[in-house]
Amino acid sequence: MANVLVTGGAGFIGSHLVDALLREGHRVVVVDNLSNGKIENLNRQALFYQQSIQDEEMMERVFMLHHFDYVFHLAAQASVSVSVKEPVKDAMSNIVGSLVLLEKSVKYGVKKFIFSSTGGAIYGDDVPVPTNEEVCPKPVSPYGIAKRSVEMYLDFFKKEKGLDYVSLRYGNVYGPRQDPNGEAGVVAIFTSRMLKNEEVHIFGDGEYVRDYVYVSDVVEANLLSLKPEVSGIFNIATGVGTTVNQLFKMLAELTNYSKEPVYAEPRKGDLRKSILDCSKAEKLLGWKPKIDLKTGLALTLEFFKSGG
């Protein structure tokens, strides 16, 4: 049993991770300002602080009180398009907030810092596909730049301060509890609108390719990151690319949706193609995805049908 901090623990991925950590018997503290997270996602067995990770004084108190063994850092400004429009806001949340946590982790003896990074926005477009971790990142959005910056800080804190870390570069994560009202979850947005028989908008020509990974697989990768021998950067996805048009068709069939999609202008900062090579995670983390896209979409649909 360990003392664990989960930032963003009332959010989509974070709340599933909190549930899993509690099932394994860990003592879990959640810090979330509820800008994206929802109180109804939060497991009541976790101790909850409604605070911003940028609040250095409050984070000092939280770390001093609980002396965490591990920190899972998922709190973030998660929209690429918002980062393009408001790069300062993005940097304050995703870089400055992360630095506050890193400094407190060193000061209070955290054993390992597990960071939720991005496997799409961090690499950019001009890279081999599928993309492995050896490829030099060329992020094209402030969101991707911020995630890469934090990874570089993680490397600095390990070399200079002795803080061990794992950075998990996710594909496009989807599943129950994803917010259909945001901009970052196309599966949730499409599913919600189809169930209401509303128009579904596709940005660009619909041939943008993404690597969709189910949330329970992402949670398992986080849990495996606790192993003492595991350290460094890992892609967490499926290695399978799916276009937005293909995704639309799959969800339309599952929901019996008959309308045609409405195509709109492409969004700035969106990558054309992102597929991740996850062989390093399989070899060193002992991880590989268990849920294929068809199964994952059906599970997600059941959640939204039940009023989720």
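Annotations
- Residue match in the stretch 272-283 (condition: in contact (Cβ under 8 Å) with a residue 60 or more places away in the chain and more than 20 Å from the chain's Cα centre (by Cα)): no
- Where helices (runs of 4 or more DSSP H) sit wholly within the stretch 1-97, those with at least 1 residues that are over 27 Å from SER149 (Cβ atoms) occupy 12-23, 56-66.
- SER216 loosely packed, with under 15 Cβ neighbours inside 10 Å, of a type in the set (Gly, Ala, Ser) and not in a strand (DSSP E or B): no
- Conditions (1) closer than 26 Å to SER83 by Cβ; (2) open to solvent by less than 10 Å² (accessible area, probe 1.4 Å): number failed by VAL262: (2)
- With respect to the stated conditions, TYR153 fails to be modelled with pLDDT of 95 or more, outside any helix (DSSP H, G or I) and of a type in the set (Ser, Thr, Tyr).
- Whichever residue in the stretch 190-213 is open to solvent by 20 Å² or more (accessible area, probe 1.4 Å) and charged (D, E, K, R) and, among such residues, is farthest from PRO137 (Cα to Cα): LYS196
- Verdict on HIS16 being out of contact with any helix residue (DSSP H, G or I) (no Cβ under 8 Å at 6 or more places or on another chain), under 19 Å from ILE114 (Cα atoms) and either at pLDDT below 95 or assigned by the TED database to the domain that holds ILE114 (or both): no
- Failed item, numbered, when LEU102 is tested on (1) within 27 Å of ASP277 (Cβ to Cβ); (2) in contact (Cβ under 8 Å) with a residue 60 or more places away in the chain: (1)
The values are calculated or read from the model by the stated rules, or taken from the named source; none is laboratory data. These figures come from a predicted structure and were not determined experimentally. Cβ atoms come from the backbone with ideal geometry, glycine included; neighbour counts cover every protein chain shown. For accessibility, only protein heavy atoms count, side chains too; no ligands or nucleic acids. Shrake-Rupley method; radii C 1.70, N 1.55, O 1.52, S 1.80 Å.
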